[in-house]
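Trainee: My questions will all concern the structure given below.
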Amino acid sequence: MPSQGAYNPSRTKEHDLIHTKLEIKPDWQKQFLYGKAIITFKPHFYPQSSISFDAKGFDIQEVTSKGKALKYNYDRSILKIDLGQIYTRKDTISIQITYVAKPNELPVGGSDAITADKGLYFINPLGNEPDKPQQIWTQGETEANSCWFPTIDSPNQKMTQEIFLTVDAKFITLSNGKLISSKQNSDGTRTDYWKQTKPTAPYLSMIAVGDFKKVVDPTFKDFEVSYYIEPKFEKYALNIYGRTPEMIRYFEKILGVKYQWEKYSQIAVRDYVSGAMENTTATIHGDYIQKDNHQLVDDNDDGVIAHELFHHWFGDLVTCESWSNLPLNEAFANYSEYLWTTHKYGKEEGDLVAYIALNQYLDESKEKQEPLIRFRYFDKEDMFDSHSYAKGGRILHLLRNTVGDEAFFEALKQYLTQYAYKTAEVEDLRLVFEQVTGQDLHWFFDQWFLKAGHPVLQVSHDYNGGKLKLNIKQTQDTTYTPVYRLPLKVLIKFDNEQLTQEIVLDKAQQSFELNVKSTPKMVLLDPDNILVGKIEHQKSQDELIYQFYNAEGIATKLNVLETLTYIPEDDTTFYYPPAEKKIRQLLIDATKDKFWRVRQFAVQKLFDYDGEEFLEVEKALQYRVIHDERSYVRADAILAMKGFQNSQNDKLFRDALSDSSYTVQAAAIEALLASKPSDAVELVLKFDTSTNPSIFAAVANYFAEEASPLRFDWFLNHLKQMKGNDLYQVLGIFGTYIVKSSPEIQLKCLPLLEQIAKNDTQWYVRFAGMQTLSLINEHKEVKALMKEIIASEKDERLQKIYKQFRDI
C-alpha cells in the first residue's frame, strides 16, 4: 500500500532568488562558520512586504538593506524579515545578513541515501587524529545548505552565486564555478573568490577545504576538467577519473546539448554522508573512490562518475521542481550508468547494469511499493530509494523502447533546451515526448510514473497443429497497481531458425495464437529484459537448460542459473542442485561463458563441491584461478576450493598471494588458512600491515579465532584507521575476537567501541559499534556505557532500534 502521508506540493514561490554573495570564514576550533550573505531577489508575482529565509541554527547578528537595519523574527529555523515597505515583481531587493552558522548544534536527521543533514561538516577539526586529514565540506541535498548560509532552500529556486572563502593559506579550496582570484592575507589566511555565473538550485551550492592535490586533466581543452584528491592518491587520479572527458563528449553527443557550465571538478572527501553529490561544476565523492592500481584491477567507479556528471544535465540544468518529482533528477542519472557502460564496455556489461538495477527495485518492492512520482510521503528523504533511482532508470529504458531511439533522444534534447536553467515536473516531460512523437503517452506516464507497483506475468505456452498458444495473466494486486498496457516481444527458437513476434498485453488475462512451422525449442517473453516487472513462465528443467545455451541475453542466462539452483528458505530436504548431473554440467559449462558475471555465478554455486565428477569440477575451478581475466572470478574460484584438500590447490593459492588484485590475495589468504598450514603464523605476518579492507579481514579472521591478547593493539590500530562500510563489515570480526578474549581485554576495547558507537558519522556504523558492545554486556561497565550511548543518540532511526536494548 502506498504511503498515506500528507500531500506535499511544490513550495509556493513568494519571491525569486536572483543572486547570492557569501563572505565566509570557518572556525576549526569551534566548528562555526562566520558569514555575511548578500541575497538579491524579487517578488515572484504578488506584492510583498516581507521575506522568509531558511536559516537553521544560526546566530543572527545583523540584517540590513541599503545600510539600514531591518526588523526580523527568527526561530532558529526561519528568518522572517520585514522589508519596511511593499515591493512588486518589478522591484529587485538586496539584503545583507551577518550570521554565525553552528551546524553541530543542530538535531540529527538524514536518510538511508544521505545519512546526515547538518549541511556543513568539519573533519578532524582539531587535527588530533593523526591518520585523518583536516577537511571541511558541505552536503546540500535535500535542504541542508540552509545550515551554512541563509537562502530559500527549495529545488524550485535558481540563483547565481559568488563565494569569498577565507581559510588557512595551507589549504586548497573548491566551490561552484570558476576561481576568479586568491588573495593572501596578512594573518596567514587566504581568501579564494569563486563565481558561478549561471543559475542553479540552492541545494547544489558547495564548498570544500583541505589538503588536496589538484590534477587538471590534460586531455580536455574546452574547459577545465579537474580532480581534487588526497596527496597519496595523486599519481592514480587519471586512472580513477580519467574517462570523464570521454563521458562528457559522449553525453553531449547523445543528448545534442553541450555541457553548460564553467568547469567540471570532482573531489573525494573523508567521512562523507552520501555516495556522491552532483553540486554544480563540483561533484563530491566519498573517499571510497580513491583507489590505487591494485584496487582498480577489480573495478573502477565509472558508474557513479557517469551518474553525477549526467546530473549536470538532469538535475542541475533542469531541476525537479519538488522532491515529489525527484525521479526527473535521479532516474536519468541512474540511466546514464547503463548508457555509459554499454557505450564504453559493451552490451553485456550494460545489460548487467540493467539487470542489477531491476533487481534492486524488485528487492525493495517486497517491502514497499510507491508511485515513482509521489506527492504523499512522510518525509522528503523517503524519495531517495530504489524507486526513484533503479526503477526510474529502467522505466526510462522502457520509454525509449516504446517510442524508439531517435524520438527518445530528440525528446530529451527538447526537454533540456526548453527547461534549461529552470525547473520541471513530470507532466512537462510527458508533454515534450508527446510533441516529438505525436502520440498521446498519458497511458505510459500514468501507469509507470504515477501508479505504484509493477506487472507480474504468469505465463504458459503450448503447441498444437502449427499454432503456438501463449497464455498470459497479470497477477499483481490491482488494489493499488494497474492492469498494465504492455507492448512485448516474444522470441521463438526452432532447431535452425528463430522468429520474433510483437504482442500488446492490455488485459488482466489474454491468450495469443502465433503461427509457427514446428514445435518450438524455446519460447522467451521479453528476450531483451526491457520489462520493469516479473515474468513467471513455467518451464521444464530441459527447457531452461536449452534456454541457457541458446539465448543471448545476460539477464536470461543469469535468471536460468538462479532458477535452476534456487533453494527455498523453508526447504528441509537439503536439496543441493549441483548434485544433479544436468545442473552440474550446466554450471561447469557456465564457468567457461564469455561473460565474467555468468562465470562468477557458476563458480559461486560450486562452492565447496563434494559429489560425483569431483575432479571435473575441481579442474574447472582451477582453470578459473589460473586463467580468468576477471579478478572477482579468480577470487571466488579460490574460495570455492578452499575446502578441497589438495597440494596442487595449495600451490595455486600460494601463487595467488602475488596476484595484482587485493581481492584475489585476500581470497588466497583465507583459503590457505582454512587448511591450517604449519606456516600459518608466518603467512599472516606477511600481510598484517596491509590497510586493504579485504586483506585485513582475511588476517583478522585468523587472529580473531586465535584470540591472543598480543593482537589487541593490532586490532585497535587498524580499526582506528577504518571508516564507513569497511569498518561496519569488520566490526563483526572484532566482535568474535573480544568474545573469545579475557575480561581484561574486553574492558580494554571499551574506549574504541564508545568512540564508534557515539561519534562515527555513519549511523549504521554507530549501530555496529553498539551491537559489538552488546556481545560483552555481562560487564556492568558495558551496560552503563550502552545506556549512556542510547541516551546520547539523536538519530531517530537508531532511537527506534535501541528500544530493543531497553532491558540492559
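Trainee: Go through MET722, ASN701, LEU685 and say which Cα lies farthest out towards the positive end of the charge dipole of the range 617-770; charges sit on Cβ, +1 for Lys and Arg, -1 for Asp and Glu.
Mentor: Sorting the options by dipole projection puts first MET722.
Trainee: Using the Karplus curve 6.51 cos²θ - 1.76 cosθ + 1.60 with θ = phi - 60°, work out ³J(HN,Hα) for each residue of the range 647-661 in order, rounded to whole Hz, and write x for Gly and Pro.
Mentor: Each residue of the range 647-661 in turn: 5, 5, 5, 4, 5, 4, 5, 5, 5, 5, 4, 9, 4, 5, 9 Hz.
Trainee: Sorted by mean Cβ packing within 10 Å, highest first, what order do the peptides 452-458, 43-49, 638-644 take?
Mentor: With the highest mean Cβ count within 10 Å placed first, the list reads 638-644, 452-458, 43-49.
Trainee: Which of the lysines could a cross-linker span from LYS183 if the Cα-Cα distance has to be under 23 Å and same-chain partners fewer than 8 positions apart are dropped?
Mentor: List returned: LYS21, LYS25, LYS36, LYS170, LYS195, LYS213, LYS214, LYS263.
Trainee: From Cα coordinates alone, what are the radius of gyration and Dmax values for the range 318-449 in angstrom?
Mentor: 14.5, 41
Trainee: For the range 432-514, state which chymotrypsin sites (Phe, Trp or Tyr not before Pro) are in a DSSP loop and have at most 15 other beta carbons lying within 10 Å of their beta carbon.
Mentor: The qualifying sites are TYR480, PHE494.
Trainee: Right, here's the next one. Sort 706-719, 762-775 for me by packing, meaning the mean count of neighbouring Cβ atoms within 10 Å per residue, highest on top. Walk me through the intermediate numbers first.
Mentor: Numbers: 706-719: 15.4, 762-775: 20.6.
Taking the mean over residues of other Cβ atoms within 10 Å, the ranking is 762-775, 706-719.
Trainee: Around SER658, with a cut-off of 14 angstrom between Cβ atoms, what is the net charge of the other residues, counting Lys and Arg +1 and Asp and Glu -1?
Mentor: +2
Trainee: State whether the range 187-275 is rounded, prolate or oblate according to the following rule on the C-alpha gyration tensor (a ≥ b ≥ c being the square roots of its eigenvalues): a/c under 1.5 gives rounded; otherwise a/b larger than b/c gives prolate, and the remaining case gives oblate.
Mentor: Numbers: a/c = 1.73, a/b = 1.25, b/c = 1.39.
Because a/c hits 1.5 or more and a/b fails to exceed b/c, the range 187-275 counts as oblate.
Trainee: What lysines does LYS800 reach when the alpha-carbon gap must be under 20 Å and sequence neighbours fewer than 8 apart in one chain are set aside?
Mentor: Once the sequence-local lysines are set aside, what remains near LYS800 is LYS368, LYS380, LYS758, LYS783, LYS787.
Trainee: Shifting gears a bit: Around ALA424, under 11 Å between beta carbons, what's the net of Lys plus Arg minus Asp minus Glu among the other residues? Spell out each step's value before the answer.
Mentor: Working: positive: LYS422, ARG430; negative: GLU321, GLU425, GLU427, ASP428.
In short, -2.
Trainee: Now a separate question. Normalise the Debye intensity by I(0) for the range 694-808, one equal point scatterer per Cα, no solvent, then take log10 at q = 0.17, 0.18, 0.19 Å⁻¹ and round to two decimals.
Mentor: -0.78, -0.87, -0.96
Trainee: Turning to a different aspect of this structure: For the chain, what is the calculated [θ] at 222 nm in deg cm²/dmol (nearest 500), taking -39500 (n - 2.57) for each run of four or more DSSP H residues and dividing by its residue count?
Mentor: Values: 27 runs with 301 residues, N = 808.
After summing the helix terms and dividing by the residues of the chain, the value is -11500 deg cm²/dmol.
Trainee: Within 10 Å, Cβ to Cβ, of GLN721, how many net charges do the neighbouring residues add up to if Lys/Arg are +1 and Asp/Glu are -1?
Mentor: 0
Trainee: While we're here: Relative to the Cα centre, what is the charge dipole magnitude of the chain, using +1 at the beta carbon of each Lys and Arg, -1 at the beta carbon of each Asp and Glu, and rounding to the nearest 20 debye? Mind showing how you got there, number by number?
Mentor: Details: 95 positive and 114 negative charges, 378 e Å.
For the chain, the charge dipole is close to 1820 debye.
Trainee: For the range 436-489, what class follows from the C-alpha gyration tensor (a ≥ b ≥ c being the square roots of its eigenvalues): rounded when a/c is under 1.5, otherwise prolate if a/b is larger than b/c, else oblate?
Mentor: Oblate, since a/c reaches 1.5 and b/c is not below a/b.
Trainee: Specify the inter-centroid distance of the range 625-683 and the range 144-162, based on alpha-carbon positions, in whole Å.
Mentor: First find each Cα centre; the distance between them is then 53 Å.
Trainee: According to the square roots a ≥ b ≥ c of the eigenvalues of the Cα gyration tensor, what is the shape class of the chain, taking rounded for a/c under 1.5, prolate for a/b larger than b/c otherwise, and oblate for the remainder? Don't jump to the answer; show the numbers that get you there.
Mentor: Values: a/c = 1.89, a/b = 1.20, b/c = 1.57.
Verdict is oblate for the chain.
Trainee: In terms of Cα to Cα distance under 16 Å, which lysines are near enough to LYS258, apart from those fewer than 8 places away along the same chain?
Mentor: Leaving aside lysines fewer than 8 places away in the same chain, those within reach of LYS258 are LYS198, LYS221, LYS413.
Trainee: Roughly how many nanometres apart are two label points built 7 Å out from the Cα toward the Cβ at ASP542 and ALA791?
Mentor: Spacing of the two 7 Å Cα→Cβ label points: 7.2 nm.
Trainee: Continuing with the same structure: At what distance in angstrom do the alpha carbon centres of the range 437-464 and the range 56-97 lie from each other?
Mentor: The distance from the Cα centre of the range 437-464 to that of the range 56-97 comes to 52 Å.
Trainee: In debye, nearest 20, what is the charge dipole magnitude of the range 694-808 about its Cα centre with +1 on Lys and Arg Cβ and -1 on Asp and Glu Cβ, if you could check?
Mentor: On the way: 15 positive and 14 negative charges, 63 e Å.
My answer is approximately 300 debye.
Trainee: Right, next: Taking the Cα centre as origin and putting +1 on Lys and Arg beta-carbons and -1 on Asp and Glu beta-carbons, what dipole magnitude results for the range 371-492, to the nearest 20 debye?
Mentor: 440 debye
Trainee: When every alpha-carbon pair in the range 363-435 is counted, what percent end up more than 14 Å apart?
Mentor: Percent of Cα pairs beyond 14 Å in the range 363-435: 68.
Trainee: Give the distance, in whole Å, between the Cα centre of the range 557-580 and the Cα centre of the range 201-247.
Mentor: One Cα centre to the other: 46 Å.
Trainee: Just to check I understand the Karplus step: with θ = phi - 60° and J = 6.51 cos²θ - 1.76 cosθ + 1.60, what whole-Hz values come out for the range 300-305, glycine and proline as x?
Mentor: 10, 10, 4, x, 6, 5
Trainee: For the range 547-629: lysine pairs with Cα atoms under 17 Å, gap of 8 or more or different chains, count?
Mentor: Taking the Cα cut-off of 17 Å, the pair count is 11.
Trainee: Could I ask something else about it? Ordered by packing density, taken as the mean number of other Cβ atoms within 10 Å over each peptide's residues, highest first, how do 393-406, 201-214, 321-334, 613-626 rank?
Mentor: 321-334, 201-214, 393-406, 613-626
Trainee: Let me ask something additional. Enumerate the calculated ³J(HN,Hα) couplings along the range 420-436 in order (Karplus 6.51 cos²θ - 1.76 cosθ + 1.60, θ = phi - 60°), each rounded to whole Hz, writing x wherever the residue is Gly or Pro.
Mentor: 4, 6, 10, 10, 8, 10, 4, 5, 5, 5, 4, 5, 5, 4, 5, 4, 6
Since every read-out is calculated from the coordinates, none of them should be taken as a lab result. Since this is a predicted model, take the numbers as computed values, not measurements. Every residue, glycine as well, gets a Cβ built from its backbone with ideal geometry; the counts of neighbours run over all protein chains shown.
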